[in-house]
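The values are calculated or read from the model by the stated rules, or taken from the named source; none is laboratory data. What you are looking at is a predicted structure, and each value in this text was computed from that prediction instead of being measured. Glycine gets a Cβ as well: all are built from the backbone with ideal geometry, and neighbour counts include every protein chain shown. Just the protein is used for accessible areas: all its heavy atoms, side chains included, with ligands, DNA and RNA removed. Shrake-Rupley method; radii C 1.70, N 1.55, O 1.52, S 1.80 Å.
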Amino acid sequence: MAGAKFFNARDAAIAVLDVMESYIGNKVQGSSHSLRETIPEMLLSHLNLLKNAAQAFLDTKHADKKANAFCSECAKDDPVSVLRSLVVRDGHVLRLVDEVIKPGAAFRGSALTEDDVMGDTTDAPEAGDIPLPHGISYRMRNLYLLNLDLNSELGQWLSSVAKGLR
């Protein structure tokens, strides 16, 4: 459960960086954003989602020090501090120079669709009714199916899925 909550926080952090990249890439005046300026409204909602996701992970009281440090940075009340922390951690697509967010080496700056920002769910295909927490890696679903296959139970399971029993 903690792993799924951590991945939710990680995905929300990536979404914040993606929105910032798009914002900078679509600016008419210069490709940068000073942290001394007001945070764009479109970014505030993503920062709030990140804060909530990070706090949800922290509430699990998981022992991983690095994950806790990351989520503690993301759960702060100051959105500028959170954004600064994310950009410093990134350093490839976006970089921080004297409190100004600038394009990094991997900056593409293209406009993103909502699907791009929220992530593509096609990499986590539904495979019947496997009871897994929301947000958990699709690899866990694959591991479950691999276990069935190794125990010669996959055919039986697939038959029950085809019949609508699962």
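All but one of (1) at pLDDT 80 or above; (2) under 30 Å from M20 (Cα atoms); (3) charged (D, E, K, R) hold for E153; state the number of the condition that does not hold.
(2)
If I ask for residues that are assigned to a loop (DSSP other than H, G, I, E, B), over 17 Å from V87 (Cα atoms) and without any contact (Cβ under 8 Å) to a residue 12 or more places away in the chain, which ones from segment 20-50 would you list?
Of everything in segment 20-50, those that are assigned to a loop (DSSP other than H, G, I, E, B), over 17 Å from V87 (Cα atoms) and without any contact (Cβ under 8 Å) to a residue 12 or more places away in the chain turn out to be K27, V28, Q29, G30.
Out of the residues in segment 92-117 that are at pLDDT 90 or above and at positive phi, state the one that is nearest to the chain's Cα centre (by Cα).
Checking each candidate, the answer is E99.
Within segment 11-47, which residues are farther than 19 Å from D77 by Cα and in contact with a Pro (Cβ under 6 Å, 6 or more places away or on another chain)?
Those that are farther than 19 Å from D77 by Cα and in contact with a Pro (Cβ under 6 Å, 6 or more places away or on another chain): Y23, S31.
Restricting attention to segment 20-42, does a residue exist that is open to solvent by 50 Å² or more (accessible area, probe 1.4 Å) and either among the aromatic types (F, W, Y) or within 26 Å of R139 (Cα to Cα) (or both)?
yes
Cβ-Cβ below 9 Å, separation at least six or inter-chain, first residue in segment 64-89 and farther than 15 Å from L44 by Cα, second of a type in the set (D, E) and open to solvent by less than 20 Å² (accessible area, probe 1.4 Å): which pairs?
Hits for this filter: zero, empty list.
For the list (1) open to solvent by 20 Å² or more (accessible area, probe 1.4 Å); (2) more than 16 Å from the chain's Cα centre (by Cα); (3) farther than 16 Å from F7 by Cα, I need the number of the one condition that R89 fails.
The single condition R89 does not satisfy is (2).
Please count how many residues of segment 1-19 are closer than 16 Å to L86 by Cα and open to solvent by less than 50 Å² (accessible area, probe 1.4 Å).
Qualifying residue count for the region: 8.
Only one of A69, A53 is within 24 Å of R139 (Cα to Cα), in a helix (DSSP H, G or I) and open to solvent by less than 50 Å² (accessible area, probe 1.4 Å); which?
A53
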